[in-house]
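Asker: Have a look at this one before I ask anything.
The values are calculated or read from the model by the stated rules, or taken from the named source; none is laboratory data. In this text, all values refer to a predicted model and were calculated from it rather than measured experimentally. Note that we place each Cβ from the backbone using ideal geometry, even for glycine, and neighbour counts take in every protein chain shown. What goes into the accessible areas is simple: the full protein's heavy atoms, side chains included, and nothing from ligands, DNA or RNA. Shrake-Rupley method; radii C 1.70, N 1.55, O 1.52, S 1.80 Å.
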Amino acid sequence: MSRPVGRVSGTESKPLRWGNTAYWEAVGLMLLGILLIVYRWRGTLLMLINPGYVNVALLAGLCLLGLGIGRWRGAKVPSSEVHSSLLGPRLGAGLLILTALLGFWVEPRPLSSQTALNRGVSPYLGASRSQPQAFRPKLDPRQRTLLDWVRTLDVYPDPYTYENQPVRVQGFVIPDKQPDHFVVARFLVSCCAADAYPVGLPVRWPEAEQLTADSWLRLEGRMAVEQRDGLSQLVIVAERLEPIPMPANPYADE
């Protein structure tokens, strides 16, 4: 007796696991989710986004991991639904996996002094970046961070107001074209590293040429006023430099 037409065995009705694009999509989603979770655990997210969004990124990683697991389980059930996408299911799944693997392979690094030079280092936040309504000047100048000094200058820009005031700040080194000078700088991040912008102050130090670009240090000294490019500008006259390791969060206001 011949076999009924249209009936197939149970094994024939299930597509091969790794020939099913849904499994590759599930792998890509899970890898991306695990990547965000690992970045959060290692503290790597602090080099990529504003600290206020770290927990949001962790939640996104957990959601991606959950979606990937759900996609994996759903792929076991044959479905007649056809999903359309701009890139196609195979290419889309491949891009997900490739992005995740690159994230594990390439170690994120903080923005460098060359990036600061390319974007332009300024001792002022600018009209669109300053927040005078949230600014509270600290009475003791030694308690001001580098960002505090920048905010202070943004609100009260007369450099002679701060002459001879003590300074204690930390940041990374940017070489300066003027002899015996360098710039101590920090990056400020509104959302992510893509919108980061550098702020800093020039420092006078006799051995400035011996400092390594991008090295981190803590310095103490006093404020002075110098003529730079025909303008009176505030300059830190360093009295003591101390090398320090790069902070876990290089974009924090410390």
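Asker: Does Val199 meet the test of being β-branched (Val, Ile, Thr), under 14 Å from Leu111 (Cβ atoms) and out of contact with any Gly (no Cβ under 8 Å at 6 or more places or on another chain)? Show your work before the answer.
Answerer: Working: β-branched (Val, Ile, Thr): yes; under 14 Å from Leu111 (Cβ atoms): yes; out of contact with any Gly (no Cβ under 8 Å at 6 or more places or on another chain): yes.
Yes: the conditions hold for Val199.
Asker: Residue by residue through the range 147-166, note down the ones that are under 20 Å from Gln227 (Cβ atoms) and β-branched (Val, Ile, Thr).
Answerer: Within the range 147-166, just Thr161 meets the criteria.
Asker: While we're looking at this one, here's another question. Taking only the range 39-54 into account, find how many residues are touching a residue at least 12 places away in the same chain (Cβ under 8 Å) and part of a helix (DSSP H, G or I). Break it down stepwise before answering.
Answerer: Residues of the range 39-54 touching a residue at least 12 places away in the same chain (Cβ under 8 Å): 39-40, 43-51, 53-54.
Narrowing further to those that are part of a helix (DSSP H, G or I): 39-40, 44-47, 51, 53-54.
Matching residues across the range 39-54 total 9.
Asker: It is to be established whether one or more residues within the range 197-207 are in a strand (DSSP E or B), within 13 Å of the chain's Cα centre (by Cα) and of a type outside the set (A, V, I, L, M).
Answerer: Residues of the range 197-207 that are in a strand (DSSP E or B), as a first pass: 197-204.
Pick out the ones that are also within 13 Å of the chain's Cα centre (by Cα) and you get 197-198.
Checking the rest, the ones that are also of a type outside the set (A, V, I, L, M) come to 197-198.
Yes: one or more hits.
Asker: Hey, among the residues in the range 114-131 that are in a helix (DSSP H, G or I) and open to solvent by 70 Å² or more (accessible area, probe 1.4 Å), which one's modelled with the highest pLDDT?
Answerer: Of the range 114-131, the ones in a helix (DSSP H, G or I) are 114-119.
Now drop any that are not open to solvent by 70 Å² or more (accessible area, probe 1.4 Å), which leaves 114, 117-119.
Values: Gln114: 78, Leu117: 73, Asn118: 73, Arg119: 73.
Going through the qualifying residues, I end up with Gln114.
Asker: In the range 229-237, is there at least one residue being modelled with pLDDT of 95 or more, closer than 30 Å to Tyr160 by Cβ, part of a strand (DSSP E or B) and open to solvent by 20 Å² or more (accessible area, probe 1.4 Å)?
Answerer: Yes, the range 229-237 contains at least one residue that is modelled with pLDDT of 95 or more, closer than 30 Å to Tyr160 by Cβ, part of a strand (DSSP E or B) and open to solvent by 20 Å² or more (accessible area, probe 1.4 Å).
Asker: I've got another one for you. Just name the residue that is nearest to Pro250 (Cα to Cα) out of those in the range 205-228 that are charged (D, E, K, R) and modelled with pLDDT of 95 or more. Don't jump to the end; show me each part of the working.
Answerer: Start the filter on the range 205-228 by keeping residues that are charged (D, E, K, R), which leaves 207, 209, 214, 218, 220, 222, 226, 228.
Filter once more, so that each one left must be modelled with pLDDT of 95 or more: 218, 220, 222.
Working: Arg218: 13, Glu220: 19, Arg222: 24 Å.
So the residue we want is Arg218.
Asker: Still on this structure, I have one more. Does Glu242 satisfy being charged (D, E, K, R) and open to solvent by less than 30 Å² (accessible area, probe 1.4 Å)? Lay out the reasoning, then the answer.
Answerer: Working: charged (D, E, K, R): yes; open to solvent by less than 30 Å² (accessible area, probe 1.4 Å): no.
When the stated conditions are applied, Glu242 does not pass them.
Asker: Separate question: Please go through the range 17-35 and give me each residue that is open to solvent by less than 40 Å² (accessible area, probe 1.4 Å), modelled with pLDDT of 90 or more and over 10 Å from Gly68 (Cα atoms), ordered by number.
Answerer: Selection gives Leu35 alone.
Asker: Can you tell me which condition Pro198 does not meet? The list is (1) surrounded by 16 or more Cβ atoms within 10 Å (Cβ to Cβ); (2) in contact (Cβ under 8 Å) with a residue 40 or more places away in the chain; (3) touching an Asp or Glu at 6+ places or on another chain (Cβ under 7 Å), and all the others hold.
Answerer: (3)
Asker: Sort out which residues of the range 187-204 are at pLDDT below 90 and aliphatic (A, V, I, L, M), and write them in order of number.
Answerer: Leu188, Val189, Ala193, Ala194, Ala196, Val199
Asker: Which one of these does Leu111 not meet: (1) open to solvent by less than 50 Å² (accessible area, probe 1.4 Å); (2) at pLDDT 85 or above; (3) of a type in the set (A, V, I, L, M, F, W, C)?
Answerer: (2)
Asker: Every residue in the range 218-247 that is under 30 Å from the mean Cα position of the chain (by Cα) and small (Gly, Ala, Ser), please.
Answerer: Passing the criteria: Gly221, Ala238.
Asker: Let me ask another. Name every residue in the range 157-185 that is among the hydroxyl-bearing types (Ser, Thr, Tyr) and without any contact (Cβ under 8 Å) to a residue 12 or more places away in the chain, in order of residue number. Break it down stepwise before answering.
Answerer: Quick first cut of the range 157-185, residues among the hydroxyl-bearing types (Ser, Thr, Tyr) only: 160-162.
Residue satisfying the conditions is Thr161 alone.
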